[in-house]
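Notes to accompany the following structure.
Read the figures in this text as sums done on the coordinates, not as results from a lab. Note that the coordinates shown come from a computational prediction; the quantities given were computed from them, not determined experimentally. Using ideal geometry, Cβ is built from the backbone for each residue, glycine included, and neighbour counts are taken over all protein chains shown.
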């Protein structure tokens, strides 16, 4: 009886002439890397224990030598793609032999496109650009606050400024915008507008490397009572 109970799952029932064989359902194993997110220039790999982790990407996707894929670093180096830039950063940060220049351990994206000689951002130009940037940021597209803004004519210029702050404050979401988090707004326009980066970095009045909502609001022309936390 004990032997029968132990082997009951191993018993094979011979199919009759009228029965049909039902194929076994294959066991689908989830890929540990499927939902594991790695930063730029890195890729997910699985260790011996089957756990996912991030390491420098072994090889970036081949590009078609399209100039639009090129990027310029803060070291004034042109890379063929964003992947190549951050792969180099990763390799140098971890001191791998593939690192081309050890100073690239601190390299990051400056702007899109090949490096070029930019128009100097003089003090006079900075003042002229300041109001221009304020107007442009006031006119950014936004959805979440549009209904509230439309119902309050006096604050139509306030909500886009606050919304853009929340839009940038994502990694980490700590109610501060770091200089790194400014990249999405500065990288596409620096080649045409050399003052955008220093203008926004000057919003960091206490020079702690982060811009608070109060610093952001004052920098973009909001009054004390108009600045409010919304994210």
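Would you mind calculating the gained length between residue 81 and residue 108 on full extension (0.36 nm times residue separation, minus the Cα-Cα distance), in nm to one decimal? Kindly include the intermediate steps, with their values, before the conclusion.
Details: separation 27, 0.36 × 27 = 9.72 nm, distance 1.22 nm.
Contour length minus the Cα-Cα distance gives 8.5 nm.
Multiplying the sequence separation of residue 205 and residue 179 by 0.36 nm and subtracting their Cα-Cα distance, what value in nm do you get?
Values: separation 26, 0.36 × 26 = 9.36 nm, distance 1.28 nm.
Gain on extension, residue 205 to residue 179, equals 8.1 nm.
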Fill in: Förster radius 45 Å - calculated FRET efficiency between residue 45 and residue 119 (Cβ-Cβ, nearest 0.05)
0.55
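Based on the alpha-carbon set only, what is the convex hull volume of segment 42-112 divided per residue, in Å³? Each step should come with its number before you reach the end.
Values: hull volume 6.7 nm³, N = 71.
Value for segment 42-112: 95 Å³ per residue.
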Practice prompt. Please arrange 192, 75 by counting, for each residue, the other beta carbons lying within 10 Å of its beta carbon, fewest first.
Written response: 192, 75
Worksheet, complete the sentence: For residue 170 and residue 58, extending 7 Å from Cα along the Cα-Cβ vector and measuring point to point gives, in nm, a value of 2.9
Worksheet item: If we sort 201-214, 93-106 on the protection proxy, mean other Cβ atoms within 10 Å, highest first, what's the order?
Response: 201-214, 93-106
Worksheet, complete the sentence: Per the 1/(1 + (r/R0)^6) rule, R0 = 22 Å and r from the Cβ atoms of residue 65 and residue 36, FRET efficiency to 0.05 is 0.10
